[in-house]
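Visitor: First the structure, then my questions, so here it is.
The values are calculated or read from the model by the stated rules, or taken from the named source; none is laboratory data. All values derive from a computational prediction rather than experimental measurement. Don't worry about glycine lacking a Cβ; one is built from the backbone with ideal geometry, like all the others, and counts go over all protein chains shown. Ligands, DNA and RNA are stripped out before the accessible areas are found, and what is left, the full protein with its side chains, is counted by its heavy atoms. Shrake-Rupley method; radii C 1.70, N 1.55, O 1.52, S 1.80 Å.
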Amino acid sequence: MHKIIALWSHPRSMSTAMERIMRERGDLDCAHEPFMYDYYVNRSVREMPHFDVQDDHPQTYEAIRDMLLTRAEAQPVFFKDMSYYVVPNILEDTEFRDRLVNCFLIRNPMASIKSYFKLDPDVSCDEIGIEQQWRHYQALVDAGQTPIVIEAEAVRRDDRAALSAMWDKIGLPFVEAAFDWQNERPADWAQVDGWHADAGTSKSIRPLTLEDLTRQEEAFFAAAEVEPKILTYLEHHMPFYLRLKAAALRQ
């Protein structure tokens, strides 16, 4: 059986750009948020905007898991997903939990919450996603695993160094071509096109500047004056983000 590498993210954490890098490697069978079908379609927790449901996609947790296991019979698999889609199901499914190479991607929630709210003003606190990321991560640690945590800001500061450190930890060789996106926009992004305009049209990771960080903070507090609930969301998720940040890879 080949590796199944999971990148557990929270929305607007730059996870689609990370997925693009993994796709451009050329040696992985990649899936885009397969478990969102269980959360938004099978269980119908709420209606997800900008989601064009594909009728032929497996919809239950068990069917999605089995699809990934089947694909891993042929070659190594990579998928990125959200912890809030799968917790607690995956923690109770210990055989599958222990089958995965688990990585976590985090981004400053001031940036991710503001970005999410712009696309979906009705976003719930659960969908911000960082609390469930932490609970997922801690459950894996308690089970004896050492999951990898990577910061989106570190990737933007030096994408090659950040990804090289991650790949080294999970046993993948460095592939320089992965950082120059030549392949066509992935076909399975069409189902959620409204969420991934930047990652779909870009050719590489855009470097992070001090001005970017300043603008993110200013934009967040300006948005919070109009919609105070995002400040409540920040206060709720920030402690979980800081715990994950303390465990992040250092280059």
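Visitor: Would you please list the contacts, defined by Cβ atoms under 6 Å and residues six or more apart or on different chains, that run from a residue in region 124-140 that is under 19 Å from Thr232 (Cβ atoms) and modelled with pLDDT of 95 or more to a residue that is small (Gly, Ala, Ser) and assigned to a helix (DSSP H, G or I)?
Guide: Cβ pairs passing all conditions: Gln132/Ser83; Gln133/Ser83.
Visitor: Of the numbered conditions (1) closer than 21 Å to Ser164 by Cα; (2) outside any loop (DSSP other than H, G, I, E, B); (3) open to solvent by less than 10 Å² (accessible area, probe 1.4 Å), Ser112 satisfies every one except a single condition; which is it?
Guide: Failed condition: (1).
Visitor: Ser204 fails exactly one of the following numbered conditions: (1) surrounded by fewer than 15 Cβ atoms within 10 Å (Cβ to Cβ); (2) touching an Asp or Glu at 6+ places or on another chain (Cβ under 7 Å); (3) at pLDDT 75 or above. What is the number of that condition?
Guide: Only one criterion in (1) surrounded by fewer than 15 Cβ atoms within 10 Å (Cβ to Cβ); (2) touching an Asp or Glu at 6+ places or on another chain (Cβ under 7 Å); (3) at pLDDT 75 or above is unmet by Ser204, namely (3).
Visitor: Would region 124-144 turn up any residue that is touching a Cys at 6+ places or on another chain (Cβ under 6 Å) and open to solvent by less than 10 Å² (accessible area, probe 1.4 Å)? Quick ask: steps written out before the conclusion?
Guide: Of all residues in region 124-144, those touching a Cys at 6+ places or on another chain (Cβ under 6 Å) come to none.
Taking every residue of region 124-144 in turn, none turns out to be touching a Cys at 6+ places or on another chain (Cβ under 6 Å) and open to solvent by less than 10 Å² (accessible area, probe 1.4 Å).
Visitor: Say whether the condition of being modelled with pLDDT under 95 and in contact with a strand residue (DSSP E or B) (Cβ under 6 Å, 6 or more places away or on another chain) is met by at least one residue in region 218-235.
Guide: no
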